[in-house]
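Read through the structure below, which is laid out as structure tokens, and then see the notes.
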Amino acid sequence: MDFDAIVRSRRMCRDFTEEPVAPEVLDAVLATAFRGPTAGNTNMLDLVVLTGADTHRYWDVTLPREARGDFRWPGLLRAPVLVLPVVNPVAYLDRYSEPDKAHTGLGASADEWQVPYWWVDGGAAVMAMLLAAERHGLGALLFGQMTHEPDVATALGIPDGRRSVGTVALGHPAVGARSVQASARRGRPDPSDCIHRNGW
């Protein structure tokens, strides 16, 4: 599958089989996360990867068993892999306090960053993984941890100060898993309406 076909066919998947992801395929998908841009070459992305029964540790925090009967996407709970991309804002402040970047003033505090590039870099890493998953015939879904982030961090031993971009579920799509969800029915914009050449 060529790159254009991968981009066009990528969709979020909310319904997985329980079939494990082959270790070599998982490693290939995870490795792509580290090929994205990183401001100042800070390179402070970590991936917390849960596989098999360890995924239950995540769901026990974010979706207690008594609430699962009403969960809209039960097939998501079958995903054999959950990946938490974790960024380190303090590392960016440290990097931009170094001599070659200190003139920017961005090392003073996170408030100095009009655009917090740890989120930008983390998002680029996620997109790379989503495209790699598509390339390997896997389903993938990025979803937010929302108010559960601190509890997830505690349960998984994520160090203080680190932030999760979200959670990426990976696995083999169930039959019909590519069916259109309500949000997807909104469609995508016509690029010609959003591309402003030589100015707005």
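The values are calculated or read from the model by the stated rules, or taken from the named source; none is laboratory data. Small disclaimer: the values here were computed from a predicted structure and weren't measured. In this analysis, Cβ positions are derived from the backbone assuming ideal geometry, glycine residues included, and neighbour counts consider all displayed protein chains.
Out of Val61, Val115, Val7, I need the residue that is touching a helix residue (DSSP H, G or I) at 6+ places or on another chain (Cβ under 6 Å) and either over 23 Å from Thr147 (Cα atoms) or not in a strand (DSSP E or B) (or both). Which one?
Of the residues listed, the single one that is touching a helix residue (DSSP H, G or I) at 6+ places or on another chain (Cβ under 6 Å) and either over 23 Å from Thr147 (Cα atoms) or not in a strand (DSSP E or B) (or both) is Val61.
Under 9 Å by Cβ, and 6 or more places apart or on different chains, what pairs join a residue from segment 66-94 that is among the aromatic types (Phe, Trp, Tyr) and buried (at least 17 other Cβ atoms within 10 Å of the Cβ) with one that is modelled with pLDDT of 95 or more and in a helix (DSSP H, G or I)?
So the pair list comes out as Tyr92/Ala39; Tyr92/Gly40; Tyr92/Ala110; Tyr92/Tyr117; Tyr92/Trp118; Tyr92/Asp121.
Could you please give the count of residues in segment 135-152 that are outside any helix (DSSP H, G or I) and without any contact (Cβ under 8 Å) to a residue 24 or more places away in the chain?
Number satisfying all stated conditions: 1.
Arg57: more than 30 Å from Thr104 (Cα to Cα), surrounded by 12 or more Cβ atoms within 10 Å (Cβ to Cβ), more than 15 Å from the chain's Cα centre (by Cα) and touching a residue at least 12 places away in the same chain (Cβ under 8 Å), yes or no?
Numbers: more than 30 Å from Thr104 (Cα to Cα): yes; surrounded by 12 or more Cβ atoms within 10 Å (Cβ to Cβ): yes; more than 15 Å from the chain's Cα centre (by Cα): yes; touching a residue at least 12 places away in the same chain (Cβ under 8 Å): yes.
Yes, satisfied.
State whether the residues of segment 107-121 include one that is touching a strand residue (DSSP E or B) at 6+ places or on another chain (Cβ under 9 Å), surrounded by 13 or more Cβ atoms within 10 Å (Cβ to Cβ) and among the small types (Gly, Ala, Ser).
No, there is no match, as no residue in segment 107-121 is touching a strand residue (DSSP E or B) at 6+ places or on another chain (Cβ under 9 Å), surrounded by 13 or more Cβ atoms within 10 Å (Cβ to Cβ) and among the small types (Gly, Ala, Ser).
Check Ala132, Ala155 and return the single one that is touching a residue at least 60 places away in the same chain (Cβ under 8 Å), surrounded by fewer than 17 Cβ atoms within 10 Å (Cβ to Cβ) and part of a helix (DSSP H, G or I).
Ala155 is the lone residue from the list that is touching a residue at least 60 places away in the same chain (Cβ under 8 Å), surrounded by fewer than 17 Cβ atoms within 10 Å (Cβ to Cβ) and part of a helix (DSSP H, G or I).
Which one is modelled with the highest pLDDT, of the residues in segment 11-57 that are part of a strand (DSSP E or B) and more than 29 Å from Val90 (Cβ to Cβ)? First the steps, then the outcome.
Taking segment 11-57 as the starting set, the residues that turn out to be part of a strand (DSSP E or B) are 12, 16, 45-51.
Narrowing the set further to residues that are more than 29 Å from Val90 (Cβ to Cβ) leaves 12, 16.
Numbers: Met12: 93, Phe16: 97.
That would be Phe16.
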